[in-house]
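The values are calculated or read from the model by the stated rules, or taken from the named source; none is laboratory data. The model shown is predicted, which means the values in this text are computed figures rather than measured ones. Cβ placement follows ideal geometry from the backbone for every residue including glycine, while neighbour counts extend to all protein chains displayed.
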Amino acid sequence: MPRIDWLEPAVMLATVVQWLVLASLTGLVVGLGTSVFLRALFYMTDRSLLMPAWAYWLTLPFAGLANGLLMGPGYRVLETSGLKDSIFAAVHEQSGRMPWRTLWIKPVAAIITLASGGSAGKEGPCSHIGASLAAVVGRLFGLNAELRQRLVACGVSAGFASVFGTPIAGAIYGVEMLIIGRIRHDFLFPALVAGVTSFQVSKRMGIPYQYYFMDALPAFSESLFLRTILIGMLCGLVARVFVDMIYAVRNACHRFQDRYAVWPPWMPVGGGLLLALLVTVIPTDYLGLSLPLMDRALSGEAMPYLGFFWKTLLVAITLGSGFYGGIVTPQFVIGAVAGNAFAHLFGISPALGAAVGLVSVVAAASNTPLAAILMGVELFGGATGTVYVAGAAIAAYLIIGHRSVYPDQRLGYAKSSWMRVQAEIPVGQEKTHLSYGLLKSWGRIRSRGWRAWWRDAMASRGKRHDA
């Protein structure tokens with residue numbers, strides 16, 4: 001035992017040094033890769049902003065065809081390893097391995113999507129670049145399966161930190177997103193080092209970041225805290241609509257394709273035509289990244305009640321029909337617009353409502369409440385505001401239930417003691433169940449009435465207390 005006591009600090013020191021080297025190198029490589037992507041994306045999207053509305057009838061269908069060819073036949077021709085091009089599969093099933101020949105396909109497809117007016121996000125390609133480059137680093141160094149898994153998580157964290165300018169939240173997001181209700185603490189240090197390194201590299205390469213400063217809030221108020229929780233609960237329902245609509249459109253497209261034997265690349269072409277049609281009645285602010293719309297919401301400009309629905313609809317059609325793009329940036333926009341629109345119902349300023357809504361929808365739809373709270377700290381600052389954002393985010397995370405924008409996200413624990421889930425099953429495959437105790441109580445209520453059930457429950461509690 002004494003020998004182990006002396007050896008343990010040395011082993012821990014070696015572990016810290018090991019991850020300082022590996023995670024820094026990964027963050028450097030990922031920062032360079034994501035910065036190149038973001039520069040190309042900003043160059044293309046800045047020019048697409050000048051397009052007249054009628055041009056979407058041309059750009060969106062052609063972009064849909066390009067996405068369909070890249071994400072379908074392109075993958076099948078280039079990828080021969082048999083590995084899934086999925087972050088979750090790389091960590092949980094493939095021992096930290098990802099295909100590298102197709103690394104460029106998703107970033108190029110995302111640029112085409114967003115430059116043409118498709119409604120999606122920019123972080124998906126960055127997390128994909130991060131995971132893929134990290135897998136390459138692990139392969140070059142000949143690391144074992146456990147180290148490669150951690151390195152892939154580092155790459156995801158570095159990608160998120162680079163794209164949003166939030167190194168701490170990005171590090172936590174890349175780890176927290178892997179399993180609902182469980183965080184691998186052994187992933188945290190390398191993820192943080194990689195996230196900070198990637199962020200610094202991107203900042204040095206001139207990637208712009210925007211942070212927001214809320215007006216000074218009064219001293220902590222229990223009333224305001226409870227009202228922000230109510231907005232968080234409402235935003236949890238908004239996030240549920242967002243997740244369910246994406247799945248509904250995707251499943252409808254798959255059924256249509258199977259029933260009529262449609263060539264897969266034609267599906268995003270149809271999605272592009274539908275988007276162009278909707279733009280005739282929906283403002284073009286909801287196309288693309290919609291970051292100016294989010295900025296206006298966070299500045300306190302009044303947002304329409306249905307604004308979040310229009311953005312949700314366009315994102316669902318874009319991604320559900322077969323375009324490729326990120327899924328987190330739309331959560332930012334939807335949350336900010338919804339929180340701003342509903343803030344006055346609770347006597348809250350629109351700017352605070354937008355900040356609370358942004359964090360709440362991310363916490364709920366991605367099942368990452370801790371990362372969302374830290375993102376609120378890094379984006380908005382202020383200790384008092386963090387308290388309001390935190391309560392709302394956790395409430396939204398609970399309200400959405402066991403749903404996720406990531407169908408491959410694993411379930412670790414149920415969110416309620418009244419629910420049961422099977423651990424380590426992808427959320428898209430698992431169905432939650434009521435606990436045995438709740439089902440038993442519900443059966444008694446139905447058979448004897450709630451008054452008799454309540455009397456029996458109180459009597460049983462009294463007996464246990466006396467014992």
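Quick grid of which residues meet (1) among the aromatic types (F, W, Y); (2) in contact (Cβ under 8 Å) with a residue 12 or more places away in the chain:
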residue: D5; (1), (2): no, no
residue: V11; (1), (2): no, no
residue: L20; (1), (2): no, yes
residue: A23; (1), (2): no, yes
residue: S35; (1), (2): no, yes
residue: Y43; (1), (2): yes, no
residue: W54; (1), (2): yes, no
residue: L58; (1), (2): no, no
residue: G82; (1), (2): no, no
Checklist outcome for this item: In region 87-102, residues that are under 16 Å from E123 (Cα atoms) and modelled with pLDDT under 85 total 0
Next on the checklist: Yes or no: region 213-223 includes at least one residue that is touching a residue at least 12 places away in the same chain (Cβ under 8 Å), surrounded by 13 or more Cβ atoms within 10 Å (Cβ to Cβ) and outside the structural domain of A363 (by TED's automatic domain parsing).
Outcome noted: yes
Checklist entry - Looking at A316, is it assigned to a helix (DSSP H, G or I) and touching a Lys or Arg at 6+ places or on another chain (Cβ under 9 Å)? => result yes
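Does G271 meet the test of being within 24 Å of the chain's Cα centre (by Cα) and outside any helix (DSSP H, G or I)?
Working: within 24 Å of the chain's Cα centre (by Cα): yes; outside any helix (DSSP H, G or I): no.
The answer is no for G271.
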Item to check | Residues that are within 30 Å of D295 (Cβ to Cβ), in contact (Cβ under 8 Å) with a residue 40 or more places away in the chain and surrounded by fewer than 18 Cβ atoms within 10 Å (Cβ to Cβ), drawn from region 379-426 | outcome: G381, G382, T384, V387, L398
Item to check | Qualifying residues in region 108-149 (those that are touching a residue at least 60 places away in the same chain (Cβ under 8 Å) and of a type in the set (D, E, K, R)) - the one nearest to Q18 (Cα to Cα) | outcome: E123
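Here's the yes/no breakdown for (1) of a type in the set (G, A, S); (2) surrounded by 17 or more Cβ atoms within 10 Å (Cβ to Cβ); (3) touching a Gly at 6+ places or on another chain (Cβ under 7 Å):
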| site | (1), (2), (3) |
| --- | --- |
| S290 | yes, yes, no |
| A302 | yes, no, no |
| G307 | yes, yes, no |
| W310 | no, yes, no |
| V315 | no, yes, no |
| Y324 | no, yes, no |
| I334 | no, yes, no |
| V337 | no, yes, yes |
Next on the checklist: Taking the condition of being touching a Cys at 6+ places or on another chain (Cβ under 6 Å) and surrounded by fewer than 24 Cβ atoms within 10 Å (Cβ to Cβ), how many residues in region 106-157 meet it?
Outcome noted: 0
Next on the checklist: For region 170-185, give me each residue that is touching a Ser or Thr at 6+ places or on another chain (Cβ under 9 Å), of a type in the set (A, V, I, L, M, F, W, C) and touching a residue at least 40 places away in the same chain (Cβ under 8 Å).
Outcome noted: I172, M177, I180
Next on the checklist: Return the residues of region 264-313 that are without any contact (Cβ under 8 Å) to a residue 24 or more places away in the chain and among the hydrophobic types (A, V, I, L, M, F, W, C); say none if nothing qualifies.
Outcome noted: L277, V281, L306
Checklist entry - Out of curiosity, is A248 surrounded by fewer than 17 Cβ atoms within 10 Å (Cβ to Cβ) and under 22 Å from G124 (Cα atoms)? => result yes
Checklist entry - How about region 380-400: which of its residues are modelled with pLDDT of 90 or more and either in a loop (DSSP other than H, G, I, E, B) or small (G, A, S) (or both)? => result A390, G391, A392, A393, A395, A396, I400
